[in-house]
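Novice: Have a look at the structure that comes next, please.
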Amino acid sequence: MPGEAELRLREHLSRLSRMRLLGGARLSGELKRLQEQLERIAAEPTDEEIWARVKLARDEDRPYTMDYVARLVEDWIELHGDRLHADDPAMITGIGRFDSRSVVVIGNQKGRDIKERQRRNFGMAYPEGYRKAMRAMELADRHGFPIISLVDIPGAYPGVVAEQHGQGGAIARSQALMARLRVPVVACIIGEGGSGGAIATALADRVLMQENAIYTVISPEGCAAILWRDSAQAPKAAAAFKPDALHCLELGVVDSVVPEPAGGAQTNFDEAAMLLGASLQAALDELYDIGGDDLRRQRRAKFRAIGAVRAATRV
Amino acid sequence: MEKIDVSIEHRHPPEPDGGKPHPNTCPKCGSHYREDELETNLRVCPHCAHHFPVTARTRIQQLADDGTFDEEGEDLRSDDPLEFFDLRPYTERLAEAELSTGLGEAMVIGGAAVEGLQCELAVMDFSFMGGSMGRVVGEKLARACDSAAERGVPLISVTASGGARMQEGILSLMQLPKTVCAVEDLHDAGGTMISVMTHPTTAGVLASFASLGDVIVAEPGALISFTGPRVVQQTTREKLPDDFGLAESNYRFGHVDAIVPRAELRPLLAKLLRIFGNAG
């Protein structure tokens, strides 16, 4: 089964090996470990391994958006507020320098301790969060800054006020804005890519996914509650809809898998950031020379082609 | 002699199907109708104005001029990309849905005329797997956008959907950006999209193309919410307002342009087609 997916992964790793690091050093020291990871990733995950990935993706010690920003973005300035009503702490937006270029960064942010978790609503954005992200995207488009979007959200917040403030419409319009952008956009699923709340900021030219991240249409618990009428069947549901990086790569949902330190990103933030930074840089390098109109045409064509069906026959 | 309480009989009409109310019994006021009565009333309760669900075929009959509907993409069928199996295989659910609805998928698209004005219709059917959006629904909506752009006519989408189809996993989620990109392509071509939200328009469909209409109207009493009331209640333990997520609440909060009773929908769409159709 590896086939094409493995080839893409190998190509990605070989690209990584040729790349300069932020500081100018080479990745050579990491290569051996990357080779081992390749072998690990390329093997078809079992149901248990898929569930282990779900747990790793949700690991409370996993690096969040701000951990990566601190390690990868220079001259960082966080921007606050949607200029309409509120500032949603579950959504981070800001400007800074990455790979010696000015960039806009958008990212979901969970909290580390109980207090911060509550303040950031466990990373679940309100419509205000998506409007804040859209404000940052418009800024990027105006100034020609590339956009880096880090996705790590259990799901858009399912609350009364969120509905009253237009959760569904905000997610739709955030995607519509991304489909209109004339600047390079790279997204990476760095933890939980939870359904509509995730795709709202992931309509990008290149979509990357960390080795132990998950990308789902509904949470495994939600799916189990509906289809099995028992949320305890979540591991079964996860195995059925295959939310892991390799399957997403195979289905053409993501463009490449970003390796993590052995044992998962939570074991070594610096190494995880270095690997993510190299992948983001490689993805952006492919986009800088493409004109704005072509970028957006290609971006739309890419998403219109994912999982496309032809006149199929049912057996 | 024993008295017979007629009012109670009226409020609790016969339930022949083992507790399940008859489809022609109004769930709101309990009135019961013959099929032809409901049909002439556009499947709206003449007594309390409750809007009964409408299949895609009936909706097209109600909206399009006789004989003008020209279906596109009717040969499209879902396969089973994940070999999904919950309590039953996905392929079995698909086959059953096709048998019971006579439809190939949860959306029907095609060209039509409304009061003599040309348009493209994309109509969803809740009775096909809860109107869920998988790859075929996404593809049909995208084709409807292209067809509308090509012919220079407005697209009218009529949604009725529980959201993305779980059985196609992440590929269903990818129908959100896919349909959004298709609508953006239509808008770039100078085209118009009119979104009619009917009961229910929720989750993935609300969070994608349905919310991108140049004009958005809703049927009275339709549930229009990203997350349904049951899940909101369970996750947040919040007390829900009585009109949580209903069309009326969405209107109050500024998310839809108008609430349109079914009998007024066709004349309103004709008016919109006269306004927007000139561009084509």
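Nothing in this text is a laboratory measurement; each read-out follows from the coordinates by a stated rule. The model shown is predicted, which means the values in this text are computed figures rather than measured ones. Quick reminder, even Gly has a Cβ in these numbers, built from the backbone with ideal geometry, and neighbours come from all protein chains shown.
Novice: Rounded, prolate or oblate: pick one for the stretch B:105-144, where a ≥ b ≥ c are the square roots of the eigenvalues of its C-alpha gyration tensor, a/c under 1.5 means rounded, and failing that, prolate if a/b is larger than b/c, else oblate.
Specialist: On the way: a/c = 4.55, a/b = 1.89, b/c = 2.40.
It is oblate, given that a/c is not under 1.5 and a/b is not larger than b/c.
Novice: With contacts defined as alpha carbon pairs under 8 Å and 6 or more residues apart, what's the relative contact order of the stretch A:171-315 in percent? Could you put the intermediate results ahead of the total?
Specialist: On the way: 201 pairs, mean separation 36.7, N = 145.
Normalised by residue count, the contact order of the stretch A:171-315 is 25 percent.
Novice: The stretch B:180-280: D in µm²/s via Stokes-Einstein (Kirkwood Rh, Cα pairs, 25 °C, 0.890 mPa s)? Could you put the intermediate results ahead of the total?
Specialist: Numbers: Rh = 14.7 Å.
Rounded, D is 167 µm²/s.
Novice: What is the magnitude of the charge dipole of the stretch B:69-124 about its Cα centre, with +1 placed on the Cβ of each Lys and Arg, -1 on the Cβ of each Asp and Glu, and no other charges, expressed in debye to the nearest 20? Walk me through the numbers before you get to the answer.
Specialist: Values: 3 positive and 15 negative charges, 38 e Å.
Dipole magnitude for the stretch B:69-124 comes out near 180 debye.
Novice: Follow-up question, since we're still on this one. Along the principal axes of its C-alpha atoms, what lengths does the stretch A:179-315 span, in descending order and rounded to whole Å?
Specialist: Reported extents, whole Å, longest axis first: 50, 47, 25.
Novice: Next question. What relative contact order, as a whole-number percentage, does the stretch B:53-277 give when Cα pairs under 8 Å and 6 or more residues apart are counted?
Specialist: The normalised contact order for the stretch B:53-277 reaches 17 percent.
Novice: Ok, one more. Sorted by mean Cβ packing within 10 Å, highest first, what order do the peptides A:84-97, B:207-220, B:179-192 take?
Specialist: Final packing ranking: B:207-220, B:179-192, A:84-97.
Novice: Can you order the peptides A:124-130, B:106-112 by their average number of other Cβ atoms within 10 Å per residue, highest first?
Specialist: Per-residue mean Cβ counts within 10 Å order the peptides as A:124-130, B:106-112.
Novice: Quick one: P(r) of the stretch A:130-192 from all Cα-Cα pairs, 10 Å bins, percents rounded to integers, in order of increasing distance.
Specialist: 20, 49, 27, 4
Novice: Sticking with this structure for a sec: How are the Cα pair distances of the protein assembly as shown distributed, in percent, across 20 Å bins from 0?
Specialist: 20, 53, 23, 3, 0, 0
Novice: With helices defined as uninterrupted DSSP H runs, which ones in chain B have an alpha carbon span along their own long axis of at least 20 Å and mean Kyte-Doolittle hydropathy of at least -1.0?
Specialist: On the way: long enough: B:135-151 (24 Å, -0.42); B:262-277 (22 Å, 0.44).
Going by DSSP H runs, the hits are B:135-151, B:262-277.
Novice: While we're looking at this one, here's another question. Once you have a ≥ b ≥ c as the square roots of the Cα gyration tensor eigenvalues for the stretch B:203-249, tell me rounded if a/c is under 1.5, and otherwise prolate or oblate according to whether a/b is larger than b/c.
Specialist: On the way: a/c = 3.42, a/b = 1.62, b/c = 2.10.
Taking the square roots of the gyration eigenvalues as a ≥ b ≥ c, the stretch B:203-249 is oblate.
Novice: Can you list the equivalent-ellipsoid semi-axes of chain B, largest first and in whole Å, using the square root of 5 times each Cα gyration tensor eigenvalue?
Specialist: Values: eigenvalues 192, 112, 77 Å².
Largest first, chain B gives 31, 24, 20 Å.
Novice: Shifting gears a bit: Suppose we keep just the DSSP beta bridges with both residues in the stretch B:160-252; what percent of those would be antiparallel, to 5? Intermediate results must be reported in sequence, preceding the final value.
Specialist: Numbers: 1 of 8 bridges.
Counting only bridges with both partners in the stretch B:160-252, antiparallel ones make up about 10 percent.
Novice: Further, regarding this structure: Could you list, by residue number, the cysteines of the protein assembly as shown that have no other cysteine's beta carbon within less than 4.7 Å of their beta carbon?
Specialist: Among the cysteines of the protein assembly as shown, those whose Cβ sits 4.7 Å or more from every other are A:188, A:223, A:248, B:119, B:145, B:181.
Novice: Shielding of B:223-229 by partners, i.e. mean partner chain Cβ atoms within 10 Å per residue? Before the final figure, lay out each step's value.
Specialist: Numbers: counts 0, 3, 7, 17, 11, 2, 2.
Mean partner shielding for this stretch: 6.
Novice: Summing -39500 (n - 2.57) over the DSSP H runs of n ≥ 4 in chain B and dividing by its residue number, what mean residue ellipticity at 222 nm do you reach, to the nearest 500 deg cm²/dmol?
Specialist: The helix-only estimate for chain B comes to -10500 deg cm²/dmol at 222 nm.
Novice: Sticking with this structure for a sec: What number, in percent, do you get for the relative contact order of the stretch A:194-236 if the mean sequence gap of Cα pairs under 8 Å and at least 6 apart is divided by its residue count? Working shown, then result.
Specialist: Details: 31 pairs, mean separation 14.4, N = 43.
That works out to 33 percent.
Novice: Return the sequence-ordered ³J(HN,Hα) values of the stretch B:222-228 in whole Hz as given by the Karplus equation 6.51 cos²θ - 1.76 cosθ + 1.60 applied to θ = phi - 60°, using x for Gly and Pro.
Specialist: Each residue of the stretch B:222-228 in turn: 5, 7, 10, 8, 5, 10, x Hz.
Novice: For the protein assembly as shown, what is the percent of antiparallel DSSP beta bridges, rounded to the nearest 5? Show your work: numbers first, answer last.
Specialist: Values: 30 of 69 bridges.
So the antiparallel bridges amount to about 45 percent of the total.
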